[in-house]
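Written out below as structure tokens is the structure these notes cover.
Read-outs: derived from the displayed coordinates by stated rules, not from any lab. As the structure is a prediction and not an experimental result, all values here were calculated from the model. Backbone-built Cβ (ideal geometry, glycine too); neighbour counts: all protein chains shown.
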Amino acid sequence: MEHKNFFRGVYVILPTPFDDRGNLDEPGLRRIVDFSIECGAHGVVGPANASEAPYLSDAERKRVVEISAEAAAGRVPYVAGVTASCARLAVELTRHAADAGADMVMAMPPFIQRASDAEIREYYRAIGEACDLPVCIQNYQGPGGTPLSAAFVTSLLKDVKGLHYVKEETDFPGPMVTALREMAGSHLKGVMGGKAGRHLLDEHRRGVCGTMPACEVADLHARLWDDLEAGNAQAARETYTRLLPLLLFETSYGVAVYKEVLRRRGVIGSAYHRQAGGRQLDAGARDELTAILAALAPMMSPKYPVTA
């Protein structure tokens with residue numbers, strides 16, 4: 001790939017599609033990759049939090065990586081999520097991702113039990129040693145996350161082989177982006193924004209290399225990013241303002257929204273999700289989502305219009 005290690009732009013998270021009985025929908029995953037690329041995504045990512053990665057079996061995680069790498073190959077870079085509960089399992093996932101053709105790997109610190117600084121350092125060292133791919137640290141504040149300070153992330157970037165990028169999604173992403181870029185200097189090749197792109201205008205001003213939202217409106221995220229890169233500040237703010245109601249709605253319903261929008265856009269056949277603790281879209285939520293999508297429909301790719 002011409003830009004194999006070029007990590008810039010909108011890198012969308014691929015939700016993991018299931019059929020109505022909860023089985024992995026492999027053709028649906030391929031369609032999601034196609035949809036994301038056709039809508040202008042500069043790269044694709046998964047399995048990650050928005051992919052329901054903790055709810056996949058080991059075999060399913062590996063199959064998702066294989067399908068995603070194959071579907072994206074030669075088109076856009078693919079970043080494989082390799083977060084695990086310990087270094088040994090992360091290394092296994094990392095080696096598999098490299099063999100499958102991933103262009104980069106991304107990992108949160110070990111989840112389930114909160115790891116010590118020494119354990120986190122060893123975990124990333126093991127991932128970096130397990131492959132020749134660049135590694136992205138996912139600095140995540142939410143459930144299962146262990147938020148890291150700018151100073152600690154900087155020490156990892158300086159000391160650990162392969163660590164070059166950060167996905168920043170802790171509570172104050174803007175100041176963290178600034179701190180990381182100032183403290184890490186040339187050891188940091190780029191910071192990706194997270195949190196569904198809700199802070200992108202501020203993050204772009206601070207020098208992020210991209211954003212990593214879920215993919216259900218990849219066309220709108222790409223439009224926003226392209227306007228920011230072109231210096232079209234007013235157009236970017238208008239797109240952001242129109243997109244924000246959906247991004248805020250996502251904070252309440254999460255993966256249920258990602259999949260329902262993809263279903264309504266004809267990309268997947270079922271919005272079934274396994275994630276526990278999330279809210280189901282009841283009649284009121286569906287009505288609100290319908291209204292939100294109606295306002296966004298004129299900006300969407302005509303190939304993937306919203307239906308009922």
> Between residue 57 and residue 186, what is the label-to-label distance in nm when each label sits 7 Å out along the Cα-to-Cβ direction?
Replying inline: 4.9
>> Using Cβ counts within 10 Å as a stand-in for footprinting exposure, how do 289, 244 rank, fewest first?
In response: 244, 289
>> Quick query: amide H of residue 215 versus all other amide H atoms, modeled in the peptide plane; which residues come in under 5 Å with a sequence gap of 5 or more or a different chain?
In response: 13
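Net charge near residue 238: determine it from the other residues with C-beta under 13 Å of the C-beta of residue 238, scoring Lys and Arg +1 and Asp and Glu -1.
Charge balance near residue 238 sits at +2.
Under the 0.36 nm per residue contour assumption, what length would be gained going from the current alpha-carbon distance of residue 287 and residue 299 to full extension?
Numbers: separation 12, 0.36 × 12 = 4.32 nm, distance 1.99 nm.
Gain on stretching residue 287 to residue 299: 2.3 nm.
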>> Using C-alpha positions alone, give me the convex hull volume of region 2-79 per residue in cubic angstrom.
In response: 87
> What does region 1-155 give for Rg and for Dmax, in Å, if only its C-alpha atoms count?
Replying inline: 15.0, 46
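Holding the Cα-Cα limit at 26 Å, pick out from 167/259; 189/259; 259/303; 195/259; 161/259 the pairs that are longer than that.
Numbers: 167/259 23 Å; 189/259 32 Å; 259/303 18 Å; 195/259 17 Å; 161/259 36 Å.
With Cα atoms farther than 26 Å apart: 189/259; 161/259.
When DSSP beta bridges are limited to those with both residues in the chain, what percentage is antiparallel, rounded to the nearest 5? Let's see the in-between values first.
Working: 1 of 28 bridges.
Close to 5 percent.
With Rg and the Kirkwood Rh both taken from Cα atoms, where does Rg over Rh land for region 113-244?
Details: Rg = 15.5 Å, Rh = 15.5 Å.
Value, to two decimals: 1.00.
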> Taking the Cα centre of each part, how many Å lie between region 215-249 and region 122-199?
Replying inline: 24
>> Need the C-alpha centroid separation for region 251-276 versus region 7-27, integer Å.
In response: 10
> Label-point separation (nm) for residue 73 and residue 149, each offset 7 Å from Cα along Cα-to-Cβ?
Replying inline: 4.5
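For the chain, what does the convex hull of the Cα positions come to per residue, in cubic angstrom? Intermediate values should be presented prior to the final figure.
Working: hull volume 36.9 nm³, N = 308.
Hull volume over Cα atoms, normalised by residue count, gives 120 Å³.
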>> Tell me the relative contact order for region 9-218 as a rounded percent, counting alpha carbon contacts under 8 Å between residues six or more apart.
In response: 19
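What length, rounded to one decimal in nm, is gained on full extension from residue 230 through to residue 86, with 0.36 nm per residue of separation minus their alpha-carbon distance?
Working: separation 144, 0.36 × 144 = 51.84 nm, distance 4.18 nm.
Roughly 47.7 nm would be gained on extension.
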